[in-house]
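Trainee: The structure follows.
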Amino acid sequence: MDTNINQYETKSKLLILLIIFGITSCDPAHQIKIENKTSQPITVIFKPLMDSAPTDSNFASFETNDVLFGKTVLKSGQVLEIGTVAARYNPQPDDIDFDYLEIHIDKDTMKLIGKLSIFSVIQEVDKLDWRLVIKNK
């Protein structure tokens with residue numbers, strides 16, 4: 001009799017785990033990105049620092065007035081992840097990871113201060129694909 005109770009408890013726990021897995025696996029996350037569609041490299045300065053940078057992007061950090069910034073160079077065609085959004089939702093300003101974003105291309109500079117400002121230049125380029133696209137004039 002004790003064996004039947006243990007089997008029932010094990011099956012119940014397994015069923016609960018499968019239900020939880022099913023619920024949480026239905027909503028994949030997608031990245032919000034900066035994409036360099038120019039024919040030349042762009043320099044991106046941001047804060048706070050991120051965990052990873054694109055391969056071959058010359059990532060570095062520097063400090064100005066006791067504030068730590070990150071800096072990376074994106075070659076043509078490279079992307080930089082700047083936020084995460086759940087698949088079934090439209091992104092919101094809080095989905096952006098950075099509070100400051102500065103983009104240098106040739107002799108032009110774009111400075112975006114605050115999540116709302118950064119979010120204002122994000123566009124949907126495909127279904128569930130949100131990007132800040134930097135392109136030639």
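The values are calculated or read from the model by the stated rules, or taken from the named source; none is laboratory data. Just so we're clear, the structure is a prediction, and the values are computed from it rather than from any experiment. Positions of Cβ are backbone-derived with ideal geometry, glycine not excepted, and every protein chain shown enters the neighbour counts.
Trainee: Run down 9, 35 and say which single residue is at pLDDT 70 or above, outside any strand (DSSP E or B) and among the acidic types (Asp, Glu).
Mentor: Among 9, 35, only 9 is at pLDDT 70 or above, outside any strand (DSSP E or B) and among the acidic types (Asp, Glu).
Trainee: Okay, moving on. Quick one: in the range 115-127, which of the residues that are among the aliphatic types (A, V, I, L, M) and loosely packed, with under 15 Cβ neighbours inside 10 Å is farthest from residue 96 (Cα to Cα)? Spell out the reasoning first.
Mentor: Step one: of the range 115-127, the residues among the aliphatic types (A, V, I, L, M) are 116, 118, 121-122, 125.
So of that shortlist, the ones also loosely packed, with under 15 Cβ neighbours inside 10 Å come out as 116, 125.
On the way: 116: 9, 125: 17 Å.
Applying the filter and picking the extreme gives 125.
Trainee: Look at residue 80 and say whether it is touching a Phe, Trp or Tyr at 6+ places or on another chain (Cβ under 6 Å), surrounded by 14 or more Cβ atoms within 10 Å (Cβ to Cβ), touching a residue at least 12 places away in the same chain (Cβ under 8 Å) and not polar (S, T, N, Q).
Mentor: So residue 80 fails the test.
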